[in-house]
Structures are given as structure tokens and as C-alpha cells.
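Enquirer: Shown below is the structure under consideration.
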Amino acid sequence: MVLFVIVWGGQYSTALFFLLKFTISGIGFKQIFIWCVLLSCLTTNCKWMKFSLKNVAFLIAFPAIIAFKLPMNTVTIEIKNVAFHIGGTIYLMVVDKNDIPIQKITRATAEKNAVFILKNLPDGEYAVRAFHDQNNNGILDKGIFGQPIEGWGVTNDARGFMSAPPFKKMLVTVKAETRISFRMDY
């Protein structure tokens, strides 16, 4: 991971850019440089141009930052063993390695294997959780001891003993085109 931090003057702004991989877009360096000079001039209230260390760092780093873009992947998620004859809705949630939700998708059950296609997901580690909401109340119903009474599944078919599966066992690495498959347990 490459990290660029560009900071200029207290009352002005701070820009923070994270770049994971670089792919050249078709923007010319000369056009980007001219844009940066104008932008820097406008943001510093210059009497023409103040060449401070902050502005020079900005002029050097900014063309490289906007000439590159993040790689985005398509991820196909297949959930097997869906009891589609019961009806209801499948709720799917994709979380990053810090367990922060990235995408949530719902779909009516229609076939034994439900397929979800996620686009524009950057490289990284993710976990996927899904449940089959058979009575359409929007939550995973649980029994008296906390065990799910509706279908549920997680990536890598991770399972826990008398509790939810350990999060680290659910993580999968996404690079380029990725296919994830797991089963729904009832």
C-alpha cells in the first residue's frame, strides 16, 4: 500500500490519498501539472505563486495520484442449498477485514443456488454473511438458546461451537476476478 499525505496551511485543507495498485489512465502529465499549478495558486491566495515546501510537495505528488486509479474487481458469490420452496428473502452482507459493512444485498429466493455478483470491490480481505429470512421479518430468527432457526451461511463454511464462527475463519482474499461459494445451513 502506498500512502500520500499532502498538507498545506492551517486554514486550508488536508488531502489523504490511499493507492493500492496503479493503472495508468490516459491523462497527460503536462495537463495535470498545469492543473496542479492553478489549483495550488487558488488554494494559497497567492500574489502569483508561493513556492513553499508544501506547494512543491503538492505539485510533485498530485499528478502521480490522479494519473492512477484503484483496481476494482468483480466478485461472484454463490450460496448453495437454499430452501427456495419455502419462499422468503436472502439477506447478504459483505464486510471488510475490520468487520465494517461494505455492501448489503437482499433478494427473493428463487432457486436452490443463489448467485450474487458484486462489482467494483477493491483488492483486500472480506467476509460474507447471509441468512434466509423465511418469514420476511427482516431479522435472523433464533431459538430459545440463541441458535438460528432460519437458514444461515458464511464464507469458507466457517462454523463455531455453540456460538458464531470465528471471524478470522470467514475471511477470504479478493484479487482480480474472484468466485466465493458457501452453503446455507438450516
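The values are calculated or read from the model by the stated rules, or taken from the named source; none is laboratory data. Keep in mind the model is a prediction, meaning the values are calculated, not measured. Positions of Cβ are generated from backbone atoms using ideal geometry, with glycine treated the same way; all protein chains shown enter the neighbour counts. Quick note on the areas: whole protein, heavy atoms, side chains included, nothing else; ligands and nucleic acids left out. Shrake-Rupley method; radii C 1.70, N 1.55, O 1.52, S 1.80 Å.
Enquirer: Identify, from the list Ala108, Ala130, the residue that is at pLDDT 95 or above and at negative phi.
Expert: Just one listed residue meets the conditions, Ala130.
Enquirer: Let me ask something additional. Which residue is nearest to Phe131 (Cα to Cα), if the candidates are limited to the range 143-186 and must be acidic (Asp, Glu) and open to solvent by less than 60 Å² (accessible area, probe 1.4 Å)?
Expert: Glu150
Enquirer: Which numbered condition trips up Asn135, out of (1) surrounded by 12 or more Cβ atoms within 10 Å (Cβ to Cβ); (2) part of a strand (DSSP E or B)?
Expert: (2)
Enquirer: Does Lys169 qualify as being in contact with a helix residue (DSSP H, G or I) (Cβ under 8 Å, 6 or more places away or on another chain) and assigned to a loop (DSSP other than H, G, I, E, B)?
Expert: No: the conditions fail for Lys169.
Enquirer: Could you grab me the full set of residues in the range 72-88 that are under 12 Å from Gly151 (Cβ atoms) and within 23 Å of the chain's Cα centre (by Cα)?
Expert: Ile79 - this is the single residue of the range 72-88 that is under 12 Å from Gly151 (Cβ atoms) and within 23 Å of the chain's Cα centre (by Cα).
Enquirer: So, one more: Against the condition within 23 Å of the chain's Cα centre (by Cα), within 18 Å of Pro166 (Cβ to Cβ) and either of a type in the set (A, V, I, L, M) or part of a strand (DSSP E or B) (or both), how does Arg107 come out, does it pass?
Expert: Taking the combined requirement at face value, the residue does not satisfy it.
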